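Trainee: Structure incoming, see below.
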Amino acid sequence: MDWPAGGGELPPELATGLGYLLARAGGQAIRELNRGLQPLGMRTRHHTVLLVAADSGGRSQRELGEVLGIDPSAVVALVDDLERDGLVRREPHPDDRRTRLVVATEAGRARLAQTLALARSVDEDLLSELTPAERDTVLRLLRRIAP
């Protein structure tokens with residue numbers, strides 16, 4: 001991980017700025033995963049929506065947005081993309097006829113196996129400079145900051 005691009009020194013306010021450093025690390029992870037997902041016609045947000053839909057047995061679009069911190073209008077577009085590709089389907093909610101659940105299809109579960117492998121590879125590359133104990137610490141602390 002060579003920061004900053006171009007080899008210049010960061011101003012101290014950025015070199016110690018939590019928001020800046022988290023954004024840089026997150027941006028790098030997202031860019032790398034998007035590169036891996038591109039041949040599958042997906043982006044990182046598609047992967048996360050598919051993952052939550054598959055993991056939960058189905059969630060409403062509102063719940064997907066809440067769990068993932070994504071604007072509801074963006075969730076609709078992401079689900080539309082995944083549904084068009086046959087990776088999810090919208091099913092009636094058993095307790096609320098006004099709500100539809102987003103459920104992963106078999107094709108979606110198969111695709112998820114591919115995208116999970118890509119995501120693990122990106123994580124491995126991003127954390128490659130850290131020891132296993134440091135990796136555990138970073139993940140534990142991030143879960144406390146962003147539960």
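Trainee: Kindly indicate the residue of the stretch 40-62 that is open to solvent by 70 Å² or more (accessible area, probe 1.4 Å) and in a helix (DSSP H, G or I) and also nearest to Arg109 (Cα to Cα) among those meeting that condition.
Mentor: Per the stated criteria, the residue is Asp55.
Trainee: A further question follows. Inspect the stretch 92-112 for any residue being under 25 Å from Leu127 (Cα atoms) and either surrounded by fewer than 17 Cβ atoms within 10 Å (Cβ to Cβ) or modelled with pLDDT under 95 (or both) and give the result as yes or no.
Mentor: The answer is no; no qualifying residue exists.
Trainee: Consider Leu78 carefully, then state whether it is at pLDDT below 95 and out of contact with any Gly (no Cβ under 9 Å at 6 or more places or on another chain).
Mentor: no
Trainee: Follow-up question, since we're still on this one. Of all residues being open to solvent by less than 60 Å² (accessible area, probe 1.4 Å) and in a loop (DSSP other than H, G, I, E, B) in the stretch 1-34, which is modelled with the lowest pLDDT? Just the residue, please.
Mentor: Per the stated criteria, the residue is Pro4.
Results for (1) among the hydroxyl-bearing types (Ser, Thr, Tyr); (2) touching a Leu at 6+ places or on another chain (Cβ under 6 Å); (3) closer than 28 Å to Pro147 by Cβ; (4) part of a helix (DSSP H, G or I), shown as yes or no for each residue.
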site: Gly65; (1), (2), (3), (4): no, no, yes, yes
site: Ile70; (1), (2), (3), (4): no, no, yes, no
site: Ser73; (1), (2), (3), (4): yes, no, yes, yes
site: Leu78; (1), (2), (3), (4): no, no, yes, yes
site: Glu91; (1), (2), (3), (4): no, yes, no, no
site: Asp96; (1), (2), (3), (4): no, no, yes, no
site: Leu101; (1), (2), (3), (4): no, no, yes, no
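Trainee: Could you check Leu37 against (1) open to solvent by less than 50 Å² (accessible area, probe 1.4 Å); (2) at pLDDT below 95 and say which number it fails?
Mentor: So the condition that Leu37 fails would be (2).
Trainee: For the stretch 121-141, what are the residues that are within 20 Å of the chain's Cα centre (by Cα) and without any contact (Cβ under 8 Å) to a residue 40 or more places away in the chain?
Mentor: If the condition is that a residue be within 20 Å of the chain's Cα centre (by Cα) and without any contact (Cβ under 8 Å) to a residue 40 or more places away in the chain, then Glu124, Leu127, Ser128, Arg135, Asp136, Val138, Leu139, Arg140, Leu141 are the ones that fit.
The values are calculated or read from the model by the stated rules, or taken from the named source; none is laboratory data. Given the structure is predicted, the values throughout are model-derived calculations rather than measurements. Here Cβ is always computed from backbone atoms with ideal geometry, including for glycine, and neighbour counts include all displayed protein chains. Protein only, heavy atoms only, side chains kept; ligands, DNA and RNA dropped before computing areas. Shrake-Rupley method; radii C 1.70, N 1.55, O 1.52, S 1.80 Å.
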